[in-house]
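A.B. asks: Structure provided below as structure tokens; questions to follow.
Readers should treat all values here as calculations from the given coordinates under stated rules, not as data from a laboratory. Keep in mind that this is a model prediction, so the values were computed, not measured. When we count neighbours, we look across all protein chains shown, and the Cβ atoms used for this are built from the backbone with ideal geometry, even at glycine.
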Amino acid sequence: MRPTGYEPLHTLKPVTTDVWVVDGGWIRFYGLPFPTRMTVIRLADGGLWVHSPVADRNGVAAAVAGLGPVRHLIAPNWIHYAWIPDWQSQFPEAATWASPGVADRARSRGMSLAVDAVLSDAAPPVWEGQIDQRLADSGQHREVVFFHRASRTLILTDLIENFEPARMPWWARPLLKFGRVCHPDGRMPRDMAATFRRDPEHLKDVVETMIGWQPERVILAHGRWYERDGVVELRRAFRDLL
Ligand SMILES: [Fe+2]
């Protein structure tokens, strides 16, 4: 398999206290190869919160379990759920929290996905006060964004994508550039942005909430994430709205 540029893959990588990422392999979406990333947060009670899990290869699920009990599996938007069932079978005691739209989308693809609770604008009591959240909903794209207060870490899935062209197949580069999702100016993919145009005030409100959180870092599911200056990156990526 072609390297993603984020090797080692399926390996826990510490970000800061109680925050880790795991870079996963390629996934194809509409024919385009995407490198993937998951985020792990350890909550105050020691339980683990696993965002957009990647495939369980290289013993990564066992490595995650070594950090604490896996309690929450997060499918953060309508198209990020592919490996949730693998993690459910490894951690049957974990609760699965899904963005609106996930269960329907999975069903339409012939996959039965057990969801314990649907995510909304309000953090559930189990992580309220530790992780804030907002639902960005264009009617087509539905994604819940999260902010881990203690580490000032914002976790986005697809609202910003930031592919490094040199790490992508040559033939995909013009498409990514047209899609406005190339490092260092990664933004919301053009087609997704079009779906939010029906109600730009809604997206603006979500972006202003995220800026109000004053994130230091912004972890993304695809491409290079932003280790610092989170607010600057949000203002850059959503400059058309602000
Ligand atoms: Fe994605």
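A.B. asks: Can you list residues whose amide H is under 5 Å from residue 142's amide H, if they're 5+ apart or on another chain and H is modeled 1.01 Å from N?
C.D. replies: Long-range HN contacts for residue 142: 78.
A.B. asks: Only sites in a loop by DSSP and with at most 12 other Cβ atoms within 10 Å count here; which trypsin sites (Lys or Arg not before Pro) in the range 70-122 make the cut?
C.D. replies: 109
A.B. asks: So, one more: If you stretched the chain out fully between residue 229 and residue 178, how much longer would it get, using 0.36 nm times the residue separation minus the C-alpha to C-alpha distance?
C.D. replies: 15.8 nm
A.B. asks: Residue 208 to residue 111: extension gain in nm, 0.36 nm per residue of separation minus the Cα-Cα distance?
C.D. replies: 31.4 nm
A.B. asks: Find, among the trypsin sites (Lys or Arg not before Pro) in the range 1-65, those assigned to loop by DSSP (not H, G, I, E, B) with at most 10 other beta-carbon atoms within 10 angstrom.
C.D. replies: Those that pass, being in a loop and sparsely packed, number zero.
A.B. asks: Fewest to most neighbouring Cβ within 10 Å: what's the order for 141, 148?
C.D. replies: 141, 148
A.B. asks: Between residue 29 and residue 171, what is the FRET efficiency for a Förster distance of 22 Å, r being their Cβ-Cβ separation, to the nearest 0.05?
C.D. replies: Rounded to the nearest 0.05, the efficiency is 0.90.
A.B. asks: Give me, ordered by chain and number, the residues 5 or more places off residue 119 or on other chains with an amide H under 5 Å from its own placed amide H.
C.D. replies: Distant-sequence amide H within range of residue 119: 98, 99.
A.B. asks: Here's a follow-up. Given the alpha-carbon gyration tensor of the chain, what are the semi-axes of its equivalent ellipsoid in whole angstrom, ordered largest first, with each equal to the square root of 5 times an eigenvalue?
C.D. replies: So the three semi-axes of the chain are 24, 21, 19 Å.
A.B. asks: For the modelled label position 7 Å from the Cα of residue 67 along Cα-to-Cβ, which residues of the range 1-18 have backbone nitrogen atoms closer than 20 Å?
C.D. replies: 6-18
A.B. asks: Can you run phi through the Karplus equation (6.51, -1.76, 1.60; θ = phi - 60°) for the range 112-125 and list ³J(HN,Hα) in whole Hz, with x for Gly and Pro?
C.D. replies: 9, 10, 7, 10, 7, 7, 9, 6, 9, 5, 9, 5, x, x
A.B. asks: To continue, here is another question. Quick check on the chain: helices-only [θ] at 222 nm, where DSSP H runs of length 4 and up contribute -39,500 (n - 2.57) each and the sum goes over total residues. Nearest 500, please.
C.D. replies: -6000 deg cm²/dmol
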